[in-house]
Amino acid sequence: MFFLPLLSFSQNITVSGYLKDAETGETLIGATVYSTKTKTGTSANTYGFYSLSLPKGDSTGLVFTFIGYAAQIKKVILDQSIELNIKLVSSAGQLSEVTITSKRNNENVEKPQMGVIDIPIQKIKELPAIFGETDVLKIIQLLPGVQSGNEGTTGFFVRGGNSDQNLVQLDEATVYNPNHLFGLFSTFNTKALNNVTLIKGGFPAQYGGRLSSILDITMKEGNNQKYKVEGGLGIISSNITIEGPIVKEKASFIISARRTYLDLLIKPFLPKGIATAYNFYDLNAKINWQVSKRDRLFLSAFKGNDNAVYTEASSINYGIKFGNSTATLRWNHLFGQKLFVNTSLIYNTYLLNLTTVQGKYYAQVYSGIKDINGKTEFQYFPNSKHKLLFGLNYTYHTFTSTGKSDKLPSNSQVSNINTGKIPPRYSNEMAIYLNDEFTITKRVGLSAGIRTPAFITKNASYYTWEPRATIKVSVNSSSSIKAAYTVMNQFLHIVPSSSASLPFDLWIPSSKITKPERSEQYAIGYFRNFKQNKYETSVEVYYKTMQNQVAFKEGTQLLEQKNRDSSLVFGKGWSYGAEFFLKRNTGKFTGWIAYTLSWTYQQFKDLNFGEKFPFKYDRRHVLSLVGTYKLSKRWTLSADFVLSSGSAYTLPTGRTNVINGGTLYDGVYYVYDKRNNYRLNLYHRFDVGATYRKHKTLFKGKVPFISEWVFSIYNIYSHRNPYFVYLTVDPVTQEPKAKQVSLLPIIPSITYNFKF
């Protein structure tokens with residue numbers, strides 16, 4: 001079945017090329033091409049390349065479309081293969097709306113893929129912001145099947161998986177911690193991004209290494225037509241982006257930077273006895289060069305960093321530094337009109353360094369990761385009904401992690417961890433894969449693939465295989481039923497802290513003791529569009545099992561040791577649920593409704609007396625409402641509402657005092673009967689935003705200038721949502737009490753953006 005559709009007939013011709021933005025030259029990822037004669041089409045890949053095979057004949061009309069752009073029609077004589085590069089014009093610059101009726105805007109119904117959601121960057125920019133910052137990961141949390149972490153954070157959990165089970169990639173490089181400000185913001189500056197895709201089920205074979213989701217983020221390439229400057233001034237940070245041609249139409253660059261000044265703003269308002277400093281920054285840069293019609297080079301880099309220090313007399317003190325760095329070199333080459341290849345060399349690092357002091361005790365954590373990755377991927381388009389993708393990749397991992405906790409020395413000085421004495425752990429991860437997507441009949445489409453990963457360390461080797469398949473059966477022209485089966489393996493793990501007092505995560509590789517995590521996911525869904533694809537709807541039901549889940553043993557303290565695997569326990573997890581999605585694509589009012597009903601459990605032989613317990617972020621109900629309304633040419637209004645069940649947490653049933661015992665708890669030990677035996681209160685909030693955009697010119701009309709004011713209110717009715725719960729004792733009755741801490745009340749913000 002894989003190779004029979006490779007046969008293409010001699011009477012076919014091929015139309016191929018690149019789809020780009022007419023103003024900037026940016027590639028339009030996912031833009032569609034549709035033949036009015038054959039009623040077939042295709043979409044552009046990550047680099048804007050498309051290839052469409054058509055029967056040889058007289059002529060056909062080709063319709064080129066992309067969200068937010070005016071459709072373009074080209075008449076093509078079908079007597080020989082041709083290269084046809086198309087530049088689409090943004091619909092915002094059109095004097096009147098152009099409507100073209102076709103059936104190519106229903107890829108959510110027609111393509112044999114499930115659990116894949118593309119998020120336009122413009123939609124991210126229009127939605128309400130926190131502290132004036134629009135955020136990719138905040139939008140991810142509003143999608144079905146995705147649950148947020150604690151109040152205000154950008155952490156996300158997909159279909160019952162943990163945070164480390166999400167693979168976040170920026171230009172193919174892994175970003176291990178995609179957060180700023182302890183999770184309040186993501187580390188991605190939206191002004192530097194081109195496209196965001198979330199995959200949470202029916203994974204194609206080219207993706208692997210995580211159990212729950214892939215968040216694939218692509219940076220802009222830079223304007224190859226003219227120089228542009230774009231910036232923003234917000235409440236806690238500012239940013240600037242500069243882009244332009246190095247050689248017009250041939251090479252371009254983009255540089256984007258963002259930095260906070262939160263430490264300067266809060267300093268005058270701090271009470272006596274408290275000293276704090278916090279700053280973060282991120283920097284994106286990219287250049288690309290069209291060497292020839294068939295060869296393109298891309299070089300992109302990213303660096304993000306956070307530094308925080310907090311000191312309070314007779315209380316907790318901490319210092320933390322963490323950040324990511326990536327670099328990606330890519331080469332695209334075309335072998336004819338049907339075979340596209342991309343080869344990448346990738347380097348990325350992650351660092352976390354944390355020291356905390358509380359009372360008479362201290363704790364330190366150091367975690368470092370360095371990856372060197374090489375990959376090659378081929379995309380072959382034999383005909384309009386068939387797409388074949390195959391490739392291989394190899395990653396060399398270096399881990400340096402350690403930690404310790406102990407009583408504070410007599411001089412109250414904590415020495416830094418000597419990183420040179422941390423024994424590194426090396427591992428090799430590799431995979432080859434093949435994915436075949438083809439149309440069997442007019443009603444039936446199939447995407448089937450196989451991925452064979454391997455993981456090799458000093459004392460253990462793991463070889464396995466991962467079959468994937470998604471089948472689509474069309475009910476009619478506007479609806480279909482899809483089913484998917486996916487096997488995933490994960491060789492890297494986060495071991496989360498077992499104490500709320502120490503906010504850290506340690507990454508460790510698989511070993512002889514810590515075996516790879518493995519999941520099997522089954523899903524079935526019904527997809528239907530209405531009113532010529534103005535509305536899209538879907539219902540997906542899934543069941544997922546997860547093996548070799550990782551956690552600390554009960555009562556484990558963070559002691560400095562070489563073999564951290566001996567402190568771990570292993571178990572299983574399973575999740576199931578239903579996801580409902582309704583989206584309006586066109587018109588003055590656009591947006592979506594997402595509702596998820598789900599259950600997630602874990603079971604460890606050595607935890608909770610061997611009984612199953614709900615996962616920390618098991619939320620029965622999650623509802624998201626998102627809307628954007630174009631009030632006029634200058635004003636755009638937006639809003640979102642989120643409602644979810646409280647997440648699970650553990651409260652003790654008793655406590656006991658131990659003389660000269662305890663660590664961070666000053667001699668008090670708590671008694672627990674069950675894990676995650678309580679629920680936080682219901683979470684809900686309502687955010688609103690308004691954007692005022694004005695066009696004018698500078699320098700006597702020579703330079704167009706766009707100014708934009710963004711007003712937003714986060715949590716407009718100031719609901720006190722739970723952040724965490726801590727235990728205290730009533731000073732009068734001496735009875736223990738649990739108190740809720742809320743992080744974010746109502747937060748108005750204003751941001752000024754400009755572009756010229």
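The values are calculated or read from the model by the stated rules, or taken from the named source; none is laboratory data. Note that this is a predicted model, so its numbers are computed, not measured. Cβ placement follows ideal geometry from the backbone for every residue including glycine, while neighbour counts extend to all protein chains displayed.
Quick notes on this structure:
- Listing of strands (runs of 3 or more DSSP E) fully contained in the range 438-548 that carry 2 or more residues being surrounded by 18 or more Cβ atoms within 10 Å (Cβ to Cβ) and touching a residue at least 40 places away in the same chain (Cβ under 8 Å): 444-457, 466-476, 479-490, 492-496, 505-509, 517-530
- In the range 44-59, of all residues being in a strand (DSSP E or B) and either charged (D, E, K, R) or in contact with a Lys or Arg (Cβ under 8 Å, 6 or more places away or on another chain) (or both), the one that is farthest from Asn194 (Cα to Cα) corresponds to Ser59.
- Residue count for the range 58-72, restricted to those that are at negative phi and either surrounded by fewer than 15 Cβ atoms within 10 Å (Cβ to Cβ) or assigned by TED's automatic domain parsing to the domain that holds Thr590 (or both): 3.
- Taking the range 695-720 as the range and being part of a loop (DSSP other than H, G, I, E, B) and more than 18 Å from Glu151 (Cα to Cα) as the test, the residues that pass are Phe699, Lys700, Gly701, Lys702.
- Of all residues in the range 549-584 being basic (Lys, Arg) and exposed (fewer than 15 other Cβ atoms within 10 Å of the Cβ), the one that is modelled with the lowest pLDDT: Lys562
- Long-range neighbours under 8 Å by Cβ, at least six apart or interchain, first residue closer than 13 Å to Gly654 by Cα within the range 720-739, second loosely packed, with under 12 Cβ neighbours inside 10 Å and small (Gly, Ala, Ser): none
- Test: residue in the range 219-237 that is surrounded by 15 or more Cβ atoms within 10 Å (Cβ to Cβ), at pLDDT 90 or above and under 25 Å from Phe156 (Cα atoms): yes
- Scan of the range 139-191 for residues that are farther than 24 Å from Ser344 by Cα, under 10 Å from the mean Cα position of the chain (by Cα) and of a type outside the set (S, T, N, Q), ordered by number: Ile139, Ile140, Gly155, Phe156
Let's see how each residue does on (1) closer than 25 Å to Ser510 by Cα; (2) touching a helix residue (DSSP H, G or I) at 6+ places or on another chain (Cβ under 6 Å); (3) without any contact (Cβ under 8 Å) to a residue 12 or more places away in the chain; (4) among the small types (Gly, Ala, Ser):
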{"position": "Lys321", "(1), (2), (3), (4)": "no, no, no, no"}
{"position": "Asn324", "(1), (2), (3), (4)": "yes, no, no, no"}
{"position": "Thr328", "(1), (2), (3), (4)": "no, no, no, no"}
{"position": "Asn353", "(1), (2), (3), (4)": "yes, no, no, no"}
{"position": "Val365", "(1), (2), (3), (4)": "yes, no, no, no"}
{"position": "Gly368", "(1), (2), (3), (4)": "yes, no, no, yes"}
{"position": "Ser384", "(1), (2), (3), (4)": "no, no, no, yes"}
{"position": "Lys387", "(1), (2), (3), (4)": "no, no, no, no"}
{"position": "Gly403", "(1), (2), (3), (4)": "yes, no, no, yes"}
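- Some residue of the range 341-362 being under 24 Å from the mean Cα position of the chain (by Cα), farther than 22 Å from Asn307 by Cβ and crowded, with 21+ Cβ neighbours inside 10 Å: yes
- Odd one out for Tyr692, checked against (1) among the aromatic types (Phe, Trp, Tyr); (2) over 21 Å from Ser238 (Cβ atoms); (3) not in a loop (DSSP other than H, G, I, E, B): (2)
- Filter result (surrounded by fewer than 24 Cβ atoms within 10 Å (Cβ to Cβ) and either in a strand (DSSP E or B) or acidic (Asp, Glu) (or both)) within the range 196-213: Val196, Thr197, Leu198, Ile199
- Residues in the range 305-336 that are surrounded by 15 or more Cβ atoms within 10 Å (Cβ to Cβ) and either farther than 27 Å from Lys286 by Cα or at pLDDT below 85 (or both): Ala308, Val309, Tyr310, Thr311, Asn317, Tyr318, Gly319, Ile320.
- Residues of the range 150-195 satisfying the condition of being part of a strand (DSSP E or B) and of a type in the set (Val, Ile, Thr): Val158, Val168, Thr174
- Of the numbered criteria (1) surrounded by 23 or more Cβ atoms within 10 Å (Cβ to Cβ); (2) touching a residue at least 60 places away in the same chain (Cβ under 8 Å), the one Ser186 fails is (2).
- Of the residues making up the range 21-43, those that are under 24 Å from Glu221 (Cβ atoms) and not in a strand (DSSP E or B) are Ala22, Glu23, Thr24, Gly25, Glu26, Leu28, Ile29, Gly30, Ala31.
- Residue count, the range 726-748 (criterion: surrounded by 14 or more Cβ atoms within 10 Å (Cβ to Cβ) and under 21 Å from Tyr672 (Cβ atoms)): 2
- Selection within the range 419-437: residues that are touching a Pro at 6+ places or on another chain (Cβ under 8 Å) and farther than 30 Å from Thr355 by Cα. The member of this set that is surrounded by the fewest Cβ atoms within 10 Å (Cβ to Cβ) is Met430.
- Thr586, sole failed condition from (1) outside any strand (DSSP E or B); (2) closer than 30 Å to Ile508 by Cβ; (3) of a type outside the set (A, V, I, L, M): (2)
- Residue among Thr697, Thr751 that is exposed (fewer than 14 other Cβ atoms within 10 Å of the Cβ), more than 26 Å from Leu643 (Cα to Cα) and either outside the structural domain of Leu625 (by TED's automatic domain parsing) or of a type in the set (S, T, N, Q) (or both): Thr697
- Among the residues of the range 700-715, the ones that are buried (at least 16 other Cβ atoms within 10 Å of the Cβ) and more than 30 Å from Leu682 (Cβ to Cβ) come to 1 in all.
Residue-wise test of (1) surrounded by 14 or more Cβ atoms within 10 Å (Cβ to Cβ); (2) of a type outside the set (Val, Ile, Thr); (3) at pLDDT 85 or above; (4) touching a helix residue (DSSP H, G or I) at 6+ places or on another chain (Cβ under 8 Å).
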residue: Ala648; (1), (2), (3), (4): yes, yes, yes, no
residue: Asp673; (1), (2), (3), (4): no, yes, no, no
residue: Tyr678; (1), (2), (3), (4): no, yes, yes, no
residue: Ala690; (1), (2), (3), (4): yes, yes, yes, no
residue: Tyr717; (1), (2), (3), (4): no, yes, yes, no
residue: Phe724; (1), (2), (3), (4): yes, yes, no, no
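- Where Tyr629 falls short, out of the listed (1) closer than 30 Å to Ile750 by Cβ; (2) surrounded by fewer than 17 Cβ atoms within 10 Å (Cβ to Cβ); (3) under 23 Å from the mean Cα position of the chain (by Cα); (4) not acidic (Asp, Glu): (3)
- Qualifying residue in the range 44-51 (condition: farther than 18 Å from Glu221 by Cβ, buried (at least 18 other Cβ atoms within 10 Å of the Cβ) and not small (Gly, Ala, Ser)): no
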